Structure formats: structure tokens, C-alpha cells
Amino acid sequence: VIQLYGPLNFFGTYYRMIQQTYVDMENMFDLLDVEREIKDIPNAVDLEAKEGLVEFDHVCFHYTEEKPILDNVTFTVKPGNTLALVGHSGAGKSTIVRLLFRFYDIQGGCIRIDGKDISEVTQTSLRKTIGVVPQDTVLFNTDIRTNIRFGRVDADDIEVENAAQAADIHQRIIQFPDGYDTVVGERGLKLSGGEKQRVAIARTILKTPQIVLLDEATSALDTQTERNIQQSLSKVCSNRTTIIVAHRLSTIIHADEILVVDEGKIIERGRHEELLAAEGRYADMWMQQLQKAEEEEDGSPIEKLK
Ligand code: ATP
């Protein structure tokens, strides 16, 4: 019993980890042959998302019955547009993203991609459609080449290197002791936060999804790294439907629509300028971040000299 229980328990933990962090590891499910908690319906079809239109239609959701999480969430992201989700911690932003992956089934409303209800399509095809650049990229204890290839397991070495080039990490990799064969992760070479993000970007480039999800890191990287990452990200996101869970409002001023989420409800929506003019919650958040940035600048002797 113990022998059986061990690995099952391991996969269970692993599954929950994926659910929580929506690590973009669809292929890992197939490789490990993990049983999914959410089942495909008997006659599920493959999702053919050519456009990348995302619709949340009066979505209601709870993890446990005592605590409703999302209350009638409705929004549309047109193909190629960018939607940003903002709001304080625990507001429900990550939940919205997890639901798009169908890590959980909803209790009310409908989620559609290109007009197709996502509960009626195969999960494999659904997750192929969506690429993720998570807050914290998980690296496996294997070589960097394989780590990037998780984006699309049948990619050849040239494709992996091209993706690494586009994500601006190729030059760094060839400096590693064994280049692309260098083992990374917990028991190998440790990569910095910015480098790990580039691995995630490279994976997403390999995957060429119709929809991209960006979960912005809460802790800021240094300004230069941040700028470089933004550049690589804009390559991944151009012409793709993009949903950003944003923590720094400066990165979303060009978003086509910003949703302010509070206690599972959308309390404000619009473009950056519109929301500033509305002088509501978003405008408050913006002022707070400006103030914080100014304080930080004041605190820095180098900035003062400029
Ligand atoms: P953050 O900015 O901190 O990531 P968030 O806006 O993304 O926050 P969510 O992670 O979506 O917020 O969480 C929304 C609510 O759902 C929170 O109250 C959280 O405690 C709850 N929650 C999240 N995951 C679970 C879970 N697996 N089971 C039960 N409750 C959960």
C-alpha cells in the first residue's frame, strides 16, 4: 500500500502545484500520465482557436461553497487585444486565469474561446491554445535545452535555439559550462529571476499559442532587466490575445482594457486614461504607485544626483 500511495501522493501534490501556479506544463501531464481531476466530456472536440477571442460571460465561481469567489464576471478580449487585470491581493485575478485553463469548473455562466464553450473541448487542445509566462518559472533538474523544449516537446534543437535567441537568453546559455547541455534547477545551475522569466518566454515562443497569459512578478526586477524583459514579451504578445495579471500599473498603460477586480467583482473597467479621469479605485492605485516610486527615487543618492 505504501509503495502505491507514495507515487500517487506525489502526483497529487504535483497536480495541485500546477493548478495553483498554472505552470505551462501541459505536456508534463501526458509524460507523467497523471489523472486529471477535471474530466473531458465524453464527446469533447478539439478546440480550434484561430482567432483567440476570449469571453467570460456572467461567470460565477467558488472553490468551497462557504466562500463565493467570482460574482458575475463578464468581459471580452478581442483577438490580438490586451486585457489587464488589477486589484489587491486575493481579489480573484489568478482565479480568473486558472478558470480560463479550466483547472476548475465554474458554477454559473460560460467561458468561451472563439465562441466555443471551454467545458466542451478537450483539455489538451485548450491548453495548447494558451501560453503562460508565470510569476515564478519552474525549472526542472535537467538541461536547459530540455527545459525550454517543454514549450513544445517535438521542437528540434534549432527551433529551441531560435526561441532562446528571440527571448534574449541564447548568449547567456552559451556561456554556461556545458552550453545548452548545462543542468539547471534546484540541483543544477541556479538562474536569476530575469533568466528564469526568459526561459518561460522562450517556451512560449516555441509553443506559438493563440492566447498568452502573463503573470507579472510582484517583486520588481531591476529597471534595465525589466525593460529588456518587456521588449522580449512584446515580441511574444504581438498579434496575440494577451491577458496580464498586473502588479505594476506602468506596464499596462497601453492595454486595450483594464479591469479592476475587487472581491470577485469587476468594479471599474476602461483604458488607462479613462480610469484616471474617473478618479476611482484605479486612479488611487496609480497615485499610490507614483508616490512610492518617487519616495524610492528620493531615497537613492544616485537618482538625486541626476
Ligand atoms: P494575488 O494578487 O495575491 O495573486 P489574486 O487576486 O490573484 O491575488 P486569487 O488567487 O484569485 O487572488 O484568490 C482569490 C480568493 O480565492 C482568495 O480569497 C483566496 O484565498 C481564494 N483561493 C485561492 N485559491 C484557492 C483554493 N485552491 N481553495 C480555496 N480558496 C482559494
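We did not get these values from a lab; they are worked out from the coordinates using the rules stated. These figures come from a predicted structure and were not determined experimentally. Methodologically, a virtual Cβ is constructed for each residue, glycine included, from the backbone with ideal geometry; neighbour enumeration extends over all protein chains shown.
Numbers below:
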quantity: L191 long-range amide H proximity, modeled H, under 5 Å; calculated: G185
quantity: Percentage, to the nearest whole number, of Cα pairs in segment 208-274 over 17 Å apart; calculated: 47
quantity: Spin-label pair E159/D105, simplified geometry with 7 Å Cα→Cβ offset, distance in nm; calculated: 3.4
quantity: P(r), alpha carbons of segment 143-283 - 10 Å bins starting at zero, rounded %; calculated: 11, 36, 30, 15, 8, 1
quantity: Two-site FRET efficiency, D262 against S238, from Cβ-Cβ distance with R₀ of 35 Å, rounded to 0.05; calculated: 0.70
quantity: Three semi-axes of the equivalent ellipsoid, segment 97-218, Cα gyration tensor, whole Å, largest first; calculated: 30, 15, 12
quantity: Global size of segment 132-190 as Cα Rg and Dmax, reported in angstrom; calculated: 10.9, 28
quantity: Compactness of segment 78-127, expressed as Rg and Dmax over alpha-carbon positions, Å; calculated: 12.0, 33
quantity: Nitroxide proxy distance, nm - points 7 Å out along Cα→Cβ at D222 and K50; calculated: 4.8
quantity: Two-site label geometry, Q288 and C60: point separation in nm, points 7 Å out along Cα→Cβ; calculated: 3.0
quantity: Estimated vicinal HN-Hα couplings, Hz - segment 86-99 in sequence order (Karplus 6.51, -1.76, 1.60; Gly, Pro = x); calculated: 10, x, 6, 4, x, 5, x, 5, 5, 4, 4, 5, 4, 6
quantity: Filter on K93/K265; K39/K78; K196/K265; K207/K235; K67/K93; K78/K116 - keep pairs with C-alpha separation over 22 Å; calculated: K39/K78; K196/K265
quantity: Per-residue HN-Hα couplings for segment 111-117 [Karplus 6.51, -1.76, 1.60; θ = phi - 60°; Hz; x = Gly/Pro]; calculated: 10, 10, 10, 6, x, 9, 4
quantity: Segment 37-164: radius of gyration and largest Cα-Cα distance (Dmax), Å; calculated: 16.6, 51
quantity: Sequence-distant residues sharing a close amide H with L47 (under 5 Å, placed H); calculated: T122, S125, L126
quantity: Karplus-derived HN-Hα couplings along segment 163-178 (A = 6.51, B = -1.76, C = 1.60, θ = phi - 60°), whole Hz, x at Gly and Pro; calculated: 5, 5, 4, 4, 8, 6, 10, 4, 4, 5, 5, 5, 8, 5, x, 10
quantity: Ranked packing of 77-83, 256-262, most packed first, by mean Cβ within 10 Å; calculated: 256-262, 77-83
